[in-house]
Amino acid sequence: MAVYAIGDVQGCYPALMRLLTQIGFNPDRDRLWFTGDLVNRGPQSLEVLRFVKSLGDRIVCVLGNHDLHLLAVAAGTAKHKKRDTLEGILRAPDRQDLLHWLQTRPLLHHDNFLGYTLIHAGLLPPWNLTDAKNLAHEAETILRGDEADEFFRHMYGDLPDHWNEKLHGFDRLRVIINAFTRLRYCDLDGNMDLRPKGAPGSQPADLMPWFQIPGRRSREHKIIFGHWSALGLWNADGVIGLDSGCLWGRSLSAVRLDSSPLEFFSVDCEPYQIPDND
C-alpha cells in the first residue's frame, strides 16, 4: 500500500487524472490524502468532488476555505464571488449527497503510524498537536450539526486575529476556522495577518510564515498543508507545502508519505485563471 498526499485541486479534474496516472494509483491498494480545496475556480469542481467521494475510505480530505465557501453558498448564507465556479455542484441531481459528504470532512487528520498531520492552511503558534486536534473537533462538531448554517453567517471576517482560550461563541470558531483554512503569516506574538498572500519575503517586516515562528508548539510534528499557491512546493521547517498553483497554470503536486526518502511528483496544469494567490 502506498500513501500519497496531493495539493489543492480546485476543480482541475484533468490534472488530477494525469497525476494519478503518473503515480500509478491503485484504488484497491493505495490511499490518497487531499489538502482541501477540492473545488472552485477551476472548470470541473463537480467531477472532482464526485470522483474523490467515490473513493470512499481510500481517501482522506480536510476542509479548505473554498470548500467551506461552497457550503456557505449552498446554505444561502454567502454570496457567489466573481471567480466562483460552483454552479455545476449546486445544480447537480446529487447535490445534497455531495454537500453532506463534504461537510463531514475533518479540519485535521493525524496518522500515528506515518507520523504526519494533514491540514489545509496552518496551525497557530500556541497550539500543540493535542490542542489542534481538540479545537478541530470542536469546530467539526458545529459544522456537522444543527448550528452549521448559523455559523456560516458569521464565518467571514479576519477578527479576532489571535488565540485566547477564553474566546467563546462565533469569535472562537472564526479563529479556529481561519487558522485551519486561511492562515499564512503571523507576527512574533502569534497574531494572524490574513491579508498578505505572496511568497515569503514579500510580506511586511513584522510578519513571518506561521511555520517559522520561533517557539511554535507544533514544531516537533510533521505537518502537510496546501492553500498557499505563492509559496509553492515547500519541504523545510518540519512542514510540507503542496499547493503548487495548479489553478494558475503551474503544477499539481503529490508526495509519497510511506517512502524514505520522500518521493515528489507533479504534472503541468492549464492556466484557468489569473493568479491572485487566494
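Just so you know, all these numbers are worked out from the coordinates, no wet-lab data involved. Since we're looking at a predicted model, the values are computed, not measured.
Observations
- Karplus (6.51, -1.76, 1.60) ³J(HN,Hα), θ = phi - 60°, over region 208-224, in Hz, Gly and Pro reported as x: 9, x, 4, 7, 9, 5, x, x, 3, 7, 9, 4, 7, 9, 8, 10, 10
- Near the amide H of R31, within less than 5 Å, lie the amide hydrogens of A2, V3, Y4, all on another chain or at least 5 residues away, with H placed in the peptide plane.
- Reachable lysines, given that their alpha-carbon falls under 20 Å from the alpha-carbon of K222 and they are not under 8 places away in the same chain: K133
- Cα-Cα separations in the chain greater than 27 Å, expressed as whole percent: 34
- For region 93-118 versus region 14-51, the inter-centroid distance based on Cα atoms is 14 Å.
- For C61, distant residues with modelled amide H under 5 Å away: F34
- Under 5 Å from the amide H of K222 lie the amide H atoms of T117, each residue being 5 or more positions distant or on a separate chain, with H modelled from the backbone and absent for Pro and chain starts.
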